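Since every read-out is calculated from the coordinates, none of them should be taken as a lab result. In this text the structure is predicted, and so the values were computed from the model without any measurement. When we count neighbours, we look across all protein chains shown, and the Cβ atoms used for this are built from the backbone with ideal geometry, even at glycine.
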Amino acid sequence: MYKIVIDKKVLKDLKQIDATWQKKILDKIDEFLTITPYDGKRLVGNLSDFYRIRVGDYRIIYEIIDDIVTVEIIKISHRKDVYRK
């Protein structure tokens, strides 16, 4: 089972999302990323080290660190904004 690490900035962004979607996102993180993080879609280009999963119109961008059995969540955002810097 993978340990989940969520950056403080990601938590701040998550708090700005509607409470209903927050719950869905957190449920998806708990049920999906702790057990099968490699089932997410691998990103391409300069983001090729990262994966994503969809939760409605939101995307969870994460990195898998196998050495310490950890999934680090990099960004949670609406699909129209998630890939922007």
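Each Lys or Arg adds one and each Asp or Glu takes one away; over the other residues whose Cβ falls under 13 Å from the Cβ of I17, this sums to +4.
Ranked by how many other Cβ atoms sit within 10 Å of their own Cβ, fewest first, the residues I60, I29, I53 fall in the order I53, I29, I60. For segment 5-82, the list of trypsin sites (Lys or Arg not before Pro) that fall in a loop by DSSP and count at most 13 other C-beta atoms within 10 angstrom reads R79, K80. Would you tally the net charge around K41, using a Cβ to Cβ cut-off of less than 11 Å, leaving K41 out, and scoring K and R as +1, D and E as -1? Surrounding charge for K41 is +3. Here is the P(r) of segment 2-41: all C-alpha pair distances, binned every 10 Å from 0, give 26, 54, 20 in whole percents.
Charging the Cβ of each Asp and Glu at -1 and of each Lys and Arg at +1, and nothing else, the dipole of the chain about its Cα centre rounds to 480 debye. Counting every alpha-carbon pair across the chain, the share separated by more than 17 Å comes to 42%.
Across every pair of non-identical alpha carbons in segment 17-67, the mean reciprocal distance, once inverted, gives a Kirkwood radius of 11.6 Å.
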